[in-house]
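Colleague: This structure is in structure tokens; I'll ask about it shortly.
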Amino acid sequence: MARAQETFNKKEKEKKRLKKREDKQKKKAERKANAVKGLSFEDQLVYVDENGHFTDTPPDPTKKVKVDAESIVIGIPKKEDIEEEEEVAKEGKVSFFDTSKGFGFIIDSVNQEKYFVHVSGLIDEIQENDKVTYELEKGMKGMNAVRVKKI
């Protein structure tokens, strides 16, 4: 005896599909019944007031602001136009430096923050407990000390 080709799951999917189609037809008929007919073009317009809110009344021409198109800047300002902050050389003390591995840490003398320093960021050779001046630069894991000079 052969099994039926239509399984329970197939029947359920077909029922859902037919129900969905039926709902869609009902919504379409409802939209047609409630459609706004006979409105003129002017009645269908929506305006935006000076505050950005939708309204059905046209904007007041006395509140219109004249904007000079030449004054609008499009794009990113050139690098020369951006005011660069003067990097003040900070002072600190070398708390740890491993010459064989080429890295260490500097403790800031003002706020006691620890900064990573790499041998590639050195100007002078440094050792532990040396007083140094340095600048900060954003690294992969935080701020790094670069351009490190011994005082």
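Colleague: With both bridge residues required to lie in the chain, what share of the DSSP beta bridges run antiparallel, to the nearest 5%?
Modeller: 90 percent
Colleague: Here is a follow-up. To the nearest 10 degrees, how steep is helix 8-33 against the longest Cα principal axis of the chain, on a 0 to 90 scale?
Modeller: On a 0 to 90 degree scale, this one is about 80.
Colleague: Please work out, to two decimal places, the log10 of the ratio I(q)/I(0) at q = 0.15, 0.22, 0.23, 0.27 Å⁻¹ from a Debye calculation in which every Cα of the range 33-75 carries one identical scatterer.
Modeller: Computed log10 I(q)/I(0) values: -0.61, -0.88, -0.90, -0.99.
Colleague: In whole angstrom, how long is each semi-axis of the equivalent ellipsoid of the range 103-148, when you take the square root of 5 times every eigenvalue of its Cα gyration tensor and sort them from largest down?
Modeller: 15, 13, 9
Colleague: Give me the extension gain from LEU18 to THR99: residue separation times 0.36 nm, minus the current Cα-Cα distance, reported in nm with one decimal. Let's see the in-between values first.
Modeller: Details: separation 81, 0.36 × 81 = 29.16 nm, distance 7.71 nm.
The span from LEU18 to THR99 would gain 21.5 nm if fully extended.
Colleague: Enter the accessible area of LYS19 (Å², nearest 10), with the probe set to 1.4 Å and all protein chains included.
Modeller: It works out to around 120 Å².
Colleague: Taking the dipole about the Cα centre of the chain, with the C-beta of Lys and Arg at +1 and of Asp and Glu at -1, give me whichever of PHE105, THR133, THR55 is farthest to the positive side.
Modeller: Working it through, the farthest residue towards the positive pole turns out to be THR55.
Colleague: Still on this structure, I have one more. How large is the helix-only mean residue ellipticity at 222 nm for the chain, computed as the sum of -39500 (n - 2.57) over DSSP H runs with n ≥ 4, divided by its residue count, in deg cm²/dmol to the nearest 500?
Modeller: Calculated from helices alone, the mean residue ellipticity at 222 nm is -6500 deg cm²/dmol.
Colleague: Also, quick follow-up: Kindly provide the Kirkwood hydrodynamic radius of the chain in Å, to one decimal, from all pairs of distinct alpha carbon atoms.
Modeller: Details: mean 1/r = 0.0407 Å⁻¹.
In the chain this quantity evaluates to 24.6 Å.
The values are calculated or read from the model by the stated rules, or taken from the named source; none is laboratory data. This one's a predicted model, so the numbers in the text were calculated from it and none came from an experiment. Note: ideal-geometry Cβ built from the backbone for every residue, glycine included; neighbour counts use all protein chains shown. Surface accessibility is based on the protein's heavy atoms, side chains included, excluding ligands, DNA and RNA. Shrake-Rupley method; radii C 1.70, N 1.55, O 1.52, S 1.80 Å.
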